[in-house]
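Asker: Here you go, one structure.
The values are calculated or read from the model by the stated rules, or taken from the named source; none is laboratory data. Here the structure is a predicted model, which is why all the values come from computation and not from measurement. Glycine also receives a Cβ, built like all others from the backbone with ideal geometry; neighbour counts cover every protein chain displayed.
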Amino acid sequence: MTEASHSLFDSLRVLELAGELGAYTGKLFADLGADVIRIEPLAGDPTRQRRPFFQAAAGRENSLRYQYLNTNKKAMALDLTDPAAGEILRRLIRTADLCLESYPPGYLDRLGLGYENLSQINPRLVHTAITPYGQSGPYKDYPYSDLTSLAMGGMLYLAGIEAEKPARVPDNQSFFQADLYAAYASIVALYHADATEEGQFVDVSIQESVTTALENAIQTYDLEGRIRRAAGSVEAGYGAYACQDGYVYVMAAMGRNAYLWDPLVQWMAEKNIPEAEILAEDRWKDPEYRKLEEAKTTFKRIFETFSRQYRKEELYEESQKRKVVIYPVNSAKDVLENPQLAHRSFFKHMYVASLGSNLCYPGAPYALEKMVWQLRAPAPVFGQDTAGILGNLGYGPEEIQALVERGVAYVR
């Protein structure tokens, strides 16, 4: 590994003024070696109060979500509404390449800490703001949550099946989508700054990020006038079916093509599944017949007689040999124990001193040949690096103590 590959992100400094929204963006940079300084309010990052907690015990350091989102970062606690804290931030900005924030539009401007002011201090600064609807438009000041963001972006409706109520995907996926786009856009802007010495403001909207993930739903309505939803159990042989230890997802037919259907029926016949011969009749090649409730009920009865005899992994592995489309519907336990992920050492373990225990973390969904992704340090405890960072900015011990006593900063 070359020295250049080590230093690509090592020389990058990121200031992160974010709560749960924006934290994953900072993590993506930190896990690749960037110096990410997370600035928390004196009340603490709200993510610290988010379940699940380590050993089910609430505590400022115990949120597993916080622990995951903030690996490899430094942290300081400041009251940005105090002018003295604003001066600290300005000093940090002089040394920063990227500022990440998720405050409401205009909030930092009112504190004199918006991009217009900060870019005067550091013209190369890339300032990325992640908000629910972006910095402009009639909705820009509206409150939000993951649920409203999924609804406004269209994913909530798309995830529903046929005439059923909309369905929410778990774990604040709209936030992660926006954070991923924020990371991508920030890297593009940083490349531009490196080439031109010119920074810029990056405006990331959660609603727009969610809308990009609707597959061809927008085009379907635009071109056909048809509003798409999730497929669900639209026809026999398509959807989730029970097996011995959970569910598998099956796609046994595509239109009138029989190349997926026939090997599945042959497999069931070989295993002497009752009524398997019924599925060999020509009517099953007709997609209009497979959409009938009678067909769905018949296929489910016959197939689940077969599938309930096997575990999902057994069905999956055998289906690959027979060119049949059957996939396991994996639970969290299945994923953690998955042999493919184990082979690639996807899950990582690291000792967290504040919890007195090892934690298991998802690794990176990519492997870089010439750059290092690694867990170097757990999420910082509250105020962990405040004193050290202030010292590096030129504040002496007495000045730091005065800031603490005035309620400007918190030092652990």
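To keep it simple, each residue is scored yes or no on (1) within 30 Å of GLN120 (Cα to Cα); (2) touching a residue at least 24 places away in the same chain (Cβ under 8 Å); (3) in contact with a Gly (Cβ under 6 Å, 6 or more places away or on another chain).
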| position | (1), (2), (3) |
| --- | --- |
| THR212 | no, yes, no |
| ASP222 | no, no, no |
| GLY225 | no, no, no |
| ALA253 | no, yes, yes |
| LEU264 | no, yes, no |
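Asker: Failed condition for MET350, given (1) in a helix (DSSP H, G or I); (2) under 20 Å from THR71 (Cβ atoms), with all others met?
Answerer: Of everything listed in (1) in a helix (DSSP H, G or I); (2) under 20 Å from THR71 (Cβ atoms), MET350 misses just condition (1).
Asker: I'd like to verify a number: residues in the stretch 158-183 that are under 11 Å from THR25 (Cβ atoms) and touching a Pro at 6+ places or on another chain (Cβ under 9 Å), how many?
Answerer: Result for the stretch 158-183: 1.
Asker: While we're looking at this one, here's another question. Pairs, please: C-beta under 6 Å, at least 6 apart or cross-chain, first residue modelled with pLDDT of 95 or more and in the stretch 329-356, second loosely packed, with under 13 Cβ neighbours inside 10 Å?
Answerer: The qualifying pairs are PHE347/CYS360; HIS349/ASN358; HIS349/CYS360; TYR351/ASN358.
Asker: From the list VAL265, VAL248, which one is modelled with pLDDT of 85 or more, in contact with a Pro (Cβ under 7 Å, 6 or more places away or on another chain) and either in the same structural domain as THR298 (by TED's automatic domain parsing) or exposed (fewer than 13 other Cβ atoms within 10 Å of the Cβ) (or both)?
Answerer: Details: VAL265 fails: in contact with a Pro (Cβ under 7 Å, 6 or more places away or on another chain).
None of the other options fit; the residue is VAL248.
Asker: Tell me, which residue of the stretch 199-245 that is touching a Leu at 6+ places or on another chain (Cβ under 7 Å), more than 22 Å from PHE175 (Cβ to Cβ) and not assigned by TED's automatic domain parsing to the domain that holds ALA185 is surrounded by the most Cβ atoms within 10 Å (Cβ to Cβ)? Full working, then the answer.
Answerer: Pass one, the stretch 199-245, residues touching a Leu at 6+ places or on another chain (Cβ under 7 Å): 199, 210, 214, 217, 228-230, 243.
Retained after the next criterion (residues that are more than 22 Å from PHE175 (Cβ to Cβ)): 199, 228-229, 243.
Then keep just the ones that are not assigned by TED's automatic domain parsing to the domain that holds ALA185; that gives 228-229, 243.
Values: ARG228: 17, ARG229: 16, CYS243: 24.
Residue satisfying both the conditions and the ranking: CYS243.
Asker: I'd like to check something: does the stretch 120-132 contain any residue that is assigned by TED's automatic domain parsing to the domain that holds ASP385, of a type outside the set (Ser, Thr, Tyr), closer than 30 Å to ILE227 by Cβ and in contact (Cβ under 8 Å) with a residue 40 or more places away in the chain?
Answerer: Within the stretch 120-132, the first condition is being assigned by TED's automatic domain parsing to the domain that holds ASP385, and the residues that meet it are 120-132.
Subset that is of a type outside the set (Ser, Thr, Tyr): 120-127, 129-130, 132.
Those still in the list that are closer than 30 Å to ILE227 by Cβ too: 130, 132.
Restricting the remaining residues to those that are in contact (Cβ under 8 Å) with a residue 40 or more places away in the chain gives 130, 132.
There is at least one residue in the stretch 120-132 that is assigned by TED's automatic domain parsing to the domain that holds ASP385, of a type outside the set (Ser, Thr, Tyr), closer than 30 Å to ILE227 by Cβ and in contact (Cβ under 8 Å) with a residue 40 or more places away in the chain.
Asker: Also: Go through the residues of the stretch 365-381 one by one and say whether even a single one is among the small types (Gly, Ala, Ser), surrounded by 18 or more Cβ atoms within 10 Å (Cβ to Cβ), under 18 Å from ARG65 (Cα atoms) and within 19 Å of the chain's Cα centre (by Cα).
Answerer: yes
Asker: Just checking: which of the helices (runs of 4 or more DSSP H) contained wholly in the stretch 198-297 hold 3 or more residues that are within 30 Å of LYS321 (Cα to Cα) and of a type in the set (A, V, I, L, M)?
Answerer: Passing ranges, in order: 261-270.
Asker: Of all the residues that make up the stretch 137-188, how many are of a type in the set (Asp, Glu) and surrounded by 15 or more Cβ atoms within 10 Å (Cβ to Cβ)?
Answerer: 2
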